[in-house]
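Only one structure is covered here, and it is reproduced in the block below.
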Amino acid sequence: MASPAVPPIGARLRAERVRRGVSIRGLARDIGVSASLISQIETEKSSPSVSTLYAISTALGISIEELFGPSTTEEAATEGEGEPAGAGEPADVRVVRLPAFSPAGDGALREGPAAAALLTAALTAAGTGERVGPVITPGEREVLTLDSGVTWELLGRMPHKHVEFLLITYQPGGTSSSSGLLMRHTGIEFGFVISGELTLSLGFETHKLTAGDAVSFDSSNPHAYRNESTEPAVGVWFVLERWA
C-alpha cells in the first residue's frame, strides 16, 4: 500500500505568514533566502530543504509536527455554501466534527480539559487525519519529501503535543541543507541510525554515524546531516520541540 502524502505545506505556510502580517520579502530577509524561493515553496513549485523548512516554521511559530496534520480551520476554504467551519463558535474554541462522537447531541465535540481523553479516542476512531495510534502501519504513514533527497515519514502523533517522531531517509548525496549551511531550531533531538551511513556536523565537530549509532543534542546547536555514501541512510528521529 502506498503511503499517503502530506497535505500541501505551501498553503499552510502561506496562511500562517499572511495571518502574522509578514511579507514574502520580510520572511525571506529574516531567514536569509530569496523571496523567489519563498514564493515557489508556497505555490508548491519547489520543496524546501530540511534547514529551510525549519527556518520558515521557526520564524512563523508553527511546529513541524503541525505541518503533517490535516488542514486547520483557517486553511479550509468553506463548508457547504461558503459557511466557514465552526462558524458561530467562540474564537478560542476548536470544533471537531465527529459523526460517531456527539456527546453534545449536535455532532460536535468541544475541546477542553474535561474532553481531552475523549478527544484523543475520537480522533483515533473517526479517521480525521490526526491518527494517534496505537498502531501506525507502513501504508498509513504520512510522507513528506523534501529537497535534496530527504524523506520524512510520520510514525505517530499526539494532539497538542509538539513532538516529531519520524522515520528519516537520506538518499545518496542527500543533505539537510542545500546551501551547506548549518541549521538551528528549537527542541532536543534524538536519533538512531537503522542502516547506512550519515555524517553529522554539530558545531565544529563532525561525526560519522553508522547502523546502531545514536545521537542526542540540543537542536539550538548548529548542525547538519548529509549522506556521503552510495547507499540510503535510514534512521528513526525524535525531536521534542519547545513551544510556549
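The values are calculated or read from the model by the stated rules, or taken from the named source; none is laboratory data. Predicted model only: the values in this text are computed from it and were never measured. Reconstructed Cβ throughout: ideal geometry from the backbone, glycine too, with neighbour counts over all protein chains shown. These accessible areas exclude ligands, DNA and RNA; they are computed on the full protein's heavy atoms, side chains included. Shrake-Rupley method; radii C 1.70, N 1.55, O 1.52, S 1.80 Å.
If only residues of region 28-40 that are at pLDDT 90 or above and among the hydrophobic types (A, V, I, L, M, F, W, C) are counted, the one that is most open to solvent (accessible area, probe 1.4 Å) is L37.
Is region 181-200 home to any residue that is polar (S, T, N, Q), open to solvent by 30 Å² or more (accessible area, probe 1.4 Å) and part of a loop (DSSP other than H, G, I, E, B)? Within region 181-200, one or more residues are polar (S, T, N, Q), open to solvent by 30 Å² or more (accessible area, probe 1.4 Å) and part of a loop (DSSP other than H, G, I, E, B). Can you say whether S216 is part of a strand (DSSP E or B), touching a Phe, Trp or Tyr at 6+ places or on another chain (Cβ under 6 Å), at negative phi and polar (S, T, N, Q), as far as the supplied structure shows? In short, yes. For region 203-244, the set of residues classified as free of Cβ contacts under 8 Å to residues at least 24 places away in the same chain and open to solvent by 40 Å² or more (accessible area, probe 1.4 Å) consists of F204, E205, T206, H207, K208, T210, A211, G212, D213, A244, listed by residue number. Residue check: R25 meets all listed conditions (1) under 19 Å from S177 (Cα atoms); (2) open to solvent by 30 Å² or more (accessible area, probe 1.4 Å); (3) of a type in the set (D, E, K, R) but one, namely (1). Within region 47-64, how many residues turn out to be surrounded by 22 or more Cβ atoms within 10 Å (Cβ to Cβ) and in a helix (DSSP H, G or I)? Qualifying residue count for the region: 9.
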